[in-house]
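Okay, so here's the structure we're looking at.
The values are calculated or read from the model by the stated rules, or taken from the named source; none is laboratory data. What you are looking at is a predicted structure, and each value in this text was computed from that prediction instead of being measured. All Cβ positions, even for glycine, are placed from backbone atoms using ideal geometry, and neighbour counts span all protein chains on display.
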Amino acid sequence: DTGRICRFVEKPRVFVSNKINAGLYIFSPGILQRIQLRPTSIEKEIFPAMAQEGQLYAMELQGFWMDIGQPKDFLTGMCMYLQALRAQHPEKLHSGPGVVGNVLVDPSAKIGANCVIGPNVTIGAGVVVEDGVRIKRCTVLKGACIRSHSWLDSCIVGWSCSVGQWVRMENVTVLGEDVIVNDELYLNGANVLPHKSIAESVPEPRIIM
């Protein structure tokens, strides 16, 4: 099998194949000659023509795939990845008191006493989780700090963020890099851009710029 693509259909309305185009594209410089000086869709215009001419090839990869362009889909994908890790490399998952289900913790992270972590949580390098914190279905990225007795469900906590004490965050709340959330606040579906400081609760989903 040479991997040559015979026909390329972007977002077909009827079943064409159980394969998708994803990952990395490698082009020769000659592709620039195909692109006109106007808004052009690579997937809808260039790829179909290249396939028809026998100039389009693919490398098929095994495993599952998922579009994780939206935060809620990223969290779902994280859950799927942790489940696959459980099946294939369970020794890589974290275990111990207060750990529930599939949890991945970087060895350099510090988790305090009386925490409940999981299910479906990833904790990055240098993260500090203080005492009495509850985290489930979340990703906490490198260098973040979750202060004592906070409660996080379905959140993405960005690099170097600080979440105060007795904070409650849920409903796909996303903190960009270096966000500070003050003590005793409630964030419901907030999307906070990087380098912001949050001093009041966000009771309804919205973007904080």
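Taken as a whole, the condition of being more than 30 Å from residue 5 (Cβ to Cβ) and either touching a Cys at 6+ places or on another chain (Cβ under 7 Å) or assigned by TED's automatic domain parsing to the domain that holds residue 7 (or both) does not apply to residue 114.
One residue is enough: does segment 37-54 have a residue meeting the conditions assigned to a loop (DSSP other than H, G, I, E, B), in the same structural domain as residue 130 (by TED's automatic domain parsing), over 30 Å from residue 191 (Cβ atoms) and free of Cβ contacts under 8 Å to residues at least 60 places away in the same chain? Explain how you work it out, then say what you get.
Here is the first cut: in segment 37-54, the residues assigned to a loop (DSSP other than H, G, I, E, B) are 37-41, 53-54.
Now restrict to residues that are in the same structural domain as residue 130 (by TED's automatic domain parsing): none.
No, segment 37-54 contains no residue that is assigned to a loop (DSSP other than H, G, I, E, B), in the same structural domain as residue 130 (by TED's automatic domain parsing), over 30 Å from residue 191 (Cβ atoms) and free of Cβ contacts under 8 Å to residues at least 60 places away in the same chain.
Evaluating residue 175 against the criteria (1) under 17 Å from the mean Cα position of the chain (by Cα); (2) on the phi < 0 side of the Ramachandran plot; (3) surrounded by fewer than 19 Cβ atoms within 10 Å (Cβ to Cβ); (4) of a type outside the set (Ser, Thr, Tyr) leaves one unmet condition, (3). Among the residues of segment 84-110, those identified as more than 21 Å from the chain's Cα centre (by Cα) and on the phi > 0 side of the Ramachandran plot are 96, 98. Assess whether residue 97 counts as being surrounded by fewer than 16 Cβ atoms within 10 Å (Cβ to Cβ), assigned by TED's automatic domain parsing to the domain that holds residue 133, at pLDDT below 95 and farther than 27 Å from residue 191 by Cα. The answer is yes for residue 97.
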